[in-house]
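What follows is a short report on a single structure.
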Amino acid sequence: MSYTNSSMGSGSRTDRRAFEFGRTYVVRPKGKHQATIVWLHGLGDNGSSWSQLLESLPLPNIKWICPTAPTRPVALLGGFPCTAWFDMGELSEDCPDDLEGLDSSAAHVANLLSTEPADIKLGIGGFSMGAATALYSATCFAQGNYGNGSPYPVCLRTIIGLSGWLPGARNMRNKIQGSHEAARRAASLPILLCHGLCDEVVPHTHGERSNHALSLAGFQNLAFKYYDGLGHYTVPKEMDEVCNWLNARLGL
């Protein structure tokens, strides 16, 4: 599958009905519960596959929440329904973002985190379209509200995006730099971006552009890691980077 199909199809941008989220999988911490991270899968996947991988990581103090996206028509696939956090057509800077779908998924993630104890550090990570949703959530946190203006309710401590991209990048810089509070929140949020140089689905240039856009908007605690020979999947070396990042940034 490629994200270069220019057919917009008849996806959810014109279908305003609410989509029901799928099953949520939870990986309980094996040690002392210090952090909770919602992890978001890619297009057409579900929370189960990532929960199994995350459970194997040497991060005993993290609780992982792995929701499943709604099944919806996706314009990229000619309107074919599959699990997707939002609708999307061609992956390009000129393609309009499905802000309604992004807001809905970001709100679902925030709701999952909002019931965690007050002393627990909160984060969001994801792969591909899940990474895009995590990065969009980062911009909502910095701005203090979703794209529709509703207040963003949780305090994020870290964001991880693997093989993804940043939706809504065009207007983000002005929104964040126009507010001292937004600029402060952006500067304080650690973000790890990882991308394979041989990614044939979401080319690594999208990761580079996302890193650049976040930096320009005032996200100062950024790391962009790239991997030779890596396609649109993850490898142990990349997950080791994720583990090291979380241990260092969350003080686990």
Do we find a residue being over 17 Å from residue 164 (Cβ atoms), modelled with pLDDT of 95 or more and either part of a helix (DSSP H, G or I) or of a type in the set (D, E, K, R) (or both) anywhere in the stretch 77-92? no
Residue hits (the stretch 229-252; open to solvent by 40 Å² or more (accessible area, probe 1.4 Å) and part of a helix (DSSP H, G or I)) are 236, 237, 240, 241, 244, 247, 248, 249
Restricting the stretch 140-153 to residues that are under 15 Å from the mean Cα position of the chain (by Cα) and open to solvent by 10 Å² or more (accessible area, probe 1.4 Å), the one nearest to residue 100 (Cα to Cα) turns out to be 146
Kindly indicate which of 11, 42 is at pLDDT 95 or above, touching a helix residue (DSSP H, G or I) at 6+ places or on another chain (Cβ under 9 Å), in a loop (DSSP other than H, G, I, E, B) and not aliphatic (A, V, I, L, M). 42
Mind checking which pairs have a first residue in the stretch 235-246 that is under 13 Å from residue 159 (Cα atoms) and a second that is modelled with pLDDT under 95 and outside any helix (DSSP H, G or I), Cβ under 8 Å, 6 or more apart or different chains? 246/252
Extreme residue, farthest from residue 112 (Cα to Cα), among residues of the stretch 42-72 that are in contact with a Pro (Cβ under 7 Å, 6 or more places away or on another chain), crowded, with 21+ Cβ neighbours inside 10 Å and not hydrophobic (A, V, I, L, M, F, W, C): 72
Selection over the stretch 74-124 where residues are small (Gly, Ala, Ser), farther than 30 Å from residue 35 by Cα and crowded, with 18+ Cβ neighbours inside 10 Å yields a count of 2
So for the stretch 56-63 (the condition being touching a strand residue (DSSP E or B) at 6+ places or on another chain (Cβ under 8 Å) and in a strand (DSSP E or B)), does at least one residue qualify? yes
Flag if residue 40 is out of contact with any Gly (no Cβ under 7 Å at 6 or more places or on another chain) and touching a residue at least 24 places away in the same chain (Cβ under 8 Å): no
Residue among 171, 211 that is open to solvent by 20 Å² or more (accessible area, probe 1.4 Å), at pLDDT 95 or above and part of a helix (DSSP H, G or I): 211
Every residue from the stretch 125-139 that is under 10 Å from the mean Cα position of the chain (by Cα) and either open to solvent by 50 Å² or more (accessible area, probe 1.4 Å) or among the β-branched types (Val, Ile, Thr) (or both): 133
Just the residues that are part of a helix (DSSP H, G or I) and either touching a strand residue (DSSP E or B) at 6+ places or on another chain (Cβ under 6 Å) or over 12 Å from residue 189 (Cβ atoms) (or both), please, taken from the stretch 113-147. 113, 114, 129, 130, 131, 132, 133, 134, 135, 136, 137, 138
Checking the conditions here, which among 192, 156 is closer than 26 Å to residue 204 by Cα, assigned to a loop (DSSP other than H, G, I, E, B), open to solvent by less than 50 Å² (accessible area, probe 1.4 Å) and of a type in the set (A, V, I, L, M, F, W, C)? 156
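The values are calculated or read from the model by the stated rules, or taken from the named source; none is laboratory data. Every value quoted in this text rests on a predicted model; they were computed, and no experiment measured them. Here Cβ is always computed from backbone atoms with ideal geometry, including for glycine, and neighbour counts include all displayed protein chains. For accessibility, only protein heavy atoms count, side chains too; no ligands or nucleic acids. Shrake-Rupley method; radii C 1.70, N 1.55, O 1.52, S 1.80 Å.
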